[in-house]
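Each value in this text was obtained by applying a stated rule to the coordinates, not by laboratory testing. All figures in this text were calculated on a predicted structure; none of them were measured in a lab. Ideal geometry is used to build each Cβ from the backbone, glycine not excepted, and the neighbour counts take in all protein chains shown.
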Amino acid sequence: MSRSLLLLSNSRGPDGRFLAHARDALAAQLAGVREALFVPFAGVTIDWDAYTARVAPVLAGLGVALRGVHAESDPRAAVEQAEAIVVGGGNTFRLLERLQATELLEPMRRRVADGCPYVGWSAGAVLAGPTIATTNDMPIVAPAGLGALAAVGFQINAHFTDAHPEGFRGETRRERLAEYLVLNPASRVIGLPEGSWLEVSGSAIRLGGPWSAPCFSTDGVRELDAGARVETVLEPTGWMADD
């Protein structure tokens with residue numbers, strides 16, 4: 001088995017264009033794919049048909065057709081037969097709740113573990129971890145547990161920022177992640193800044209984009225360099241697979 005994932009912090013670049021900042025990474029991840037299955041369940045303020053229609057032209061420019069899993073007569077079969085799976089951002093709790101309710105989480109987990117190419121941004125990136133516990137989202141619905149795809153062995157915090165506005169007295173993102181690690185001391189969490197992504201290929205993991213990214217653990221915080229291989233930091237005991 002081998003993994004093939006592209007996990008993006010965000011979908012829009014500074015210029016507002018949709019997925020343009022990671023176009024080359026998307027093209028590489030979906031090379032040879034003719035049709036991808038889109039999971040729009042994280043969308044709450046956008047209709048799922050409209051969400052699919054927003055993503056479709058981007059992938060069409062890469063030669064990839066797109067189908068929305070919500071429109072399939074047999075969603076489970078669509079997952080099991082998908083050439084690639086694309087999971088959009090939005091609310092991570094809603095995404096997980098819908099995947100559980102439609103009984104698609106386990107089939108997706110198996111397909112991704114078997115090497116089906118996976119692309120996820122924001123909530124779709126968080127979903128790739130063992131749990132969604134390090135999302136920034138409000139729990140607007142209550143999924144039956146927080147367990148996710150476990151396609152990677154570390155937690156993801158998308159849209160990571162060190163911003164601390166003057167006069168702000170709430171916890172910073174670093175403080176929130178420190179709280180998580182107190183109660184989950186065996187975990188590692190990568191804070192993916194805007195414009196950054198992870199390319200996962202088998203046991204290899206590379207940090208893409210122009211920015212460095214912090215990795216949080218009970219050993220402290222280690223800054224990961226942009227463009228560097230980072231698997232020994234994020235999964236220091238190695239990724240277990242039947243190659």
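Among DSSP bridges having both ends in the chain, what percentage is antiparallel? Round to the nearest 5.
55 percent
Which percent, to the nearest 5, of DSSP beta bridges fully inside region 135-243 are antiparallel?
If we restrict to bridges inside region 135-243, about 75 percent are antiparallel.
What is the percent of Cα-Cα separations in the chain that go past 30 Å?
19 percent
What 222 nm value per residue comes from the helices of the chain, counting each DSSP H run with n ≥ 4 as -39,500 (n - 2.57) and dividing by all residues, nearest 500 deg cm²/dmol?
Estimated from H runs of four or more residues: -7000 deg cm²/dmol.
Given H placed 1.01 Å from N in the peptide plane, which residues other than close sequence neighbours of Gly13 have an amide H under 5 Å from its amide H?
When sequence neighbours closer than 5 places are left aside, the close amide H contacts are Leu19, Ala20, His21.
Are there GluC sites (Glu not before Pro) in region 47-86 that DSSP marks as loop and that have at most 16 other Cβ atoms within 10 Å, and which are they?
Here the sparse-neighbourhood loop sites are Glu72, Glu83.
Go through region 157-165 residue by residue and turn each phi into a ³J(HN,Hα) via Karplus (6.51, -1.76, 1.60, θ = phi - 60°); whole Hz please, and just put x for glycine and proline.
Karplus-based 3J(HN,Hα) across region 157-165 equals 10, 6, 6, 5, 8, 9, 4, 9, x Hz.
Give me the angle, in degrees from 0 to 90, between the Cα long axis of helix 173-183 and the longest principal axis of the Cα atoms of the chain, rounded to the nearest 10.
The helix 173-183 is inclined about 90 degrees to the chain.
Please give me, ordered by residue number, the trypsin sites (Lys or Arg not before Pro) of region 1-58 that lie in loop per DSSP and have at most 13 other Cβ atoms within 10 Å.
Arg17, Arg34
Give a quick list of trypsin sites (Lys or Arg not before Pro) in region 174-243 that DSSP marks as loop, anything other than H, G, I, E or B, with at most 12 other Cβ atoms within 10 Å.
Filter output for region 174-243: empty list.
Near the amide H of Gly68, under 5 Å away, which other amide H atoms are found, from residues 5 or more places off or on another chain, if H is placed in the peptide plane?
Long-range HN contacts for Gly68: Phe38.
Compute a Gaussian network model of the chain, connecting alpha carbons closer than 10 Å, and tell me which residue from Gly147, Gly43, Gly170 fluctuates the most.
Greatest mean-square fluctuation among the candidates belongs to Gly170.
Helix 92-101 versus the longest principal axis of the chain: what is the Cα-based angle in degrees, 0 to 90, to the nearest 10?
Roughly 50 degrees, rounded to the nearest 10.
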